[in-house]
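K.L.:
Below you'll find the structure I mean.
The values are calculated or read from the model by the stated rules, or taken from the named source; none is laboratory data. Computed from a predicted model, the values in this text were never measured in an experiment. So basically every Cβ, Gly included, is an ideal-geometry build from the backbone, and we count neighbours across all protein chains shown.
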Amino acid sequence: MTDVLAIDLATRTGWCRGVVGCGKPEFGAINFGIKNKKMPGCGDEVFAVAMDWMSDLVDPLPDVVILESMLPPEAMKNKTSRQVRDRLAGLHGVIRAVAKRRGVSEISEAAVGDVRAHFIGERNLPRDEAKRSVIDRCQALGWDVANDNEADACALWSYACALIDPKTALSVVPLFNRKLRVISTWPAK
């Protein structure tokens, strides 16, 4: 039984953890940028908070840690700053280092498009529409996510589970999961 920890990494990070094929995962979110009120969002403080959080989260040790891949720099051109991108890269390094140091056997990543294609059947929706669809799918599955960070982490966890045990991919497909089916009233009477 493989224990997977999925992390949608950013200053506001969503996480999801559970055993492949064993129902509902645990999930939550943390804001690494608000622990120190004097220096909110300061790079070094964000990294220190992330390191402490990850050290606690990998106890007990998961078998797999999977992160949402960073987008290529050109994908965020004119939408974010170099400082934000550097912070995200630093967070990836911190999380990977803690997982490796603690002894996690597999650390991997997945592209957001691949995760969305698996979870909602759409790879290229506009950002806000995709996030709404991911939240809706989580809620339809009975995962009461509080925000898009938790929802994205749950989608990533589901994707990782499907890679490990492909039968679990059926749980997010309406054809094989009655909870996800849309009842049609066609033809209207």
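K.L.:
Could you list, in sequence order, the residues of region 134-152 that are among the hydrophobic types (A, V, I, L, M, F, W, C) and part of a loop (DSSP other than H, G, I, E, B)?
P.N.:
We begin by selecting, within region 134-152, every residue among the hydrophobic types (A, V, I, L, M, F, W, C); these are 134-135, 138, 140-141, 143, 145-146, 151.
Once the filter is applied, which keeps residues that are among the hydrophobic types (A, V, I, L, M, F, W, C) and part of a loop (DSSP other than H, G, I, E, B), region 134-152 yields Leu141, Trp143, Val145, Ala146.
K.L.:
Can we say Arg96 is touching a residue at least 24 places away in the same chain (Cβ under 8 Å), under 21 Å from Ala50 (Cβ atoms), in a helix (DSSP H, G or I) and of a type in the set (Lys, Arg)? Lay out the reasoning, then the answer.
P.N.:
Values: touching a residue at least 24 places away in the same chain (Cβ under 8 Å): yes; under 21 Å from Ala50 (Cβ atoms): yes; in a helix (DSSP H, G or I): yes; of a type in the set (Lys, Arg): yes.
Taking the combined requirement at face value, the residue satisfies it.
K.L.:
So, one more: Taking region 130-150 on its own, how many of its residues are at pLDDT below 95 and either exposed (fewer than 13 other Cβ atoms within 10 Å of the Cβ) or among the polar types (S, T, N, Q) (or both)?
P.N.:
Of the residues in region 130-150, 3 are at pLDDT below 95 and either exposed (fewer than 13 other Cβ atoms within 10 Å of the Cβ) or among the polar types (S, T, N, Q) (or both).
K.L.:
While we're on this one: May I ask you to list the residues in region 18-32 that are in contact with a Gly (Cβ under 8 Å, 6 or more places away or on another chain) and aromatic (Phe, Trp, Tyr)?
P.N.:
Across region 18-32, the qualifying residue is only Phe27.
K.L.:
Taking into account only those residues within region 13-34 that are at pLDDT below 90 and closer than 21 Å to Arg96 by Cβ, which is surrounded by the most Cβ atoms within 10 Å (Cβ to Cβ)?
P.N.:
Once the filter is applied, the top-ranked residue is Phe32.
K.L.:
Scanning for something over 18 Å from the mean Cα position of the chain (by Cα), under 21 Å from Ala50 (Cα atoms) and either loosely packed, with under 14 Cβ neighbours inside 10 Å or not basic (Lys, Arg) (or both), does region 105-123 turn up at least one residue?
P.N.:
Scanning region 105-123 turns up at least one residue that is over 18 Å from the mean Cα position of the chain (by Cα), under 21 Å from Ala50 (Cα atoms) and either loosely packed, with under 14 Cβ neighbours inside 10 Å or not basic (Lys, Arg) (or both).
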